[in-house]
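Novice: First the structure, which I've put down as structure tokens, then a few questions once you've had a look.
The values are calculated or read from the model by the stated rules, or taken from the named source; none is laboratory data. All figures in this text were calculated on a predicted structure; none of them were measured in a lab. Note: ideal-geometry Cβ built from the backbone for every residue, glycine included; neighbour counts use all protein chains shown. Side chains included, ligands, DNA and RNA excluded: accessible areas come from the protein's heavy atoms. Shrake-Rupley method; radii C 1.70, N 1.55, O 1.52, S 1.80 Å.
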Amino acid sequence: MKNVIQMSGQQVAIATLLYSTTYLPGVFTLGYQLKKLRGGRDVALLLLVSRDLYQDVLTELSLGILRKLFTDIVVVDPIQGVADNDENLKLLKRPELHFTLVKARLWELDYDRVLYLDGDLSL
């Protein structure tokens, strides 16, 4: 049976997204668990984080922990044009969801395979 995570010669990553401090405890937990489960496998652990959160909100302590847990931190901006949908998201009472569409940026990453996991996933 093939190892699904580590394919010969392919660059593989597991990624999650952080765009609000509300998800910080979940992202800490997910990063810790993934680091443990990864063992010696050549799998990158990626954190996509919103630019404003990274630059203006997160403390040095939080950033230091994230740097220890994740192989790479990718600072991202919302996708242009998504803000035009804010009125519809307000109707759903979920205006923060406009940033979750940044998950589409996963296809811009330089990896052959990327597994995306939400930061509030229970492992």
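Novice: Once the other residues with Cβ under 15 Å from the Cβ of Tyr32 are scored (Lys, Arg +1; Asp, Glu -1), what is the net sum?
Specialist: Numbers: positive: Lys35, Lys36, Arg38, Arg67, Lys68; negative: Asp120.
Once all neighbours under 15 Å are counted, the net charge is +4.
Novice: Another question about this same structure. Per residue of the stretch 55-63, in order, report the coupling 6.51 cos²θ - 1.76 cosθ + 1.60 (Karplus, θ = phi - 60°) as ³J(HN,Hα) in whole Hz, putting x for Gly and Pro.
Specialist: Working through the residues one at a time gives 8, 10, 10, 5, 7, 4, 4, 4, 4 Hz.
Novice: Between Asp42 and Leu101, how high is the FRET efficiency from 1/(1 + (r/R0)^6) when r is the Cβ-Cβ distance and R₀ = 41 Å? Nearest 0.05.
Specialist: Working: r = 30 Å, r/R0 = 0.73.
Here the calculated transfer efficiency is 0.85.
Novice: Another question, if that's okay. Can you classify the stretch 32-80 as rounded, prolate or oblate using the Cα gyration tensor, where a ≥ b ≥ c are the square roots of its eigenvalues, rounded means a/c under 1.5, and otherwise it's prolate if a/b beats b/c and oblate if not?
Specialist: Details: a/c = 3.56, a/b = 1.63, b/c = 2.19.
Oblate shape, in that a/c is at least 1.5 and b/c is the bigger or equal ratio.
Novice: Kindly report, to the nearest 10 Å², the accessible surface of Ile65 as traced by a 1.4 Å probe over protein heavy atoms only.
Specialist: It works out to around 60 Å².
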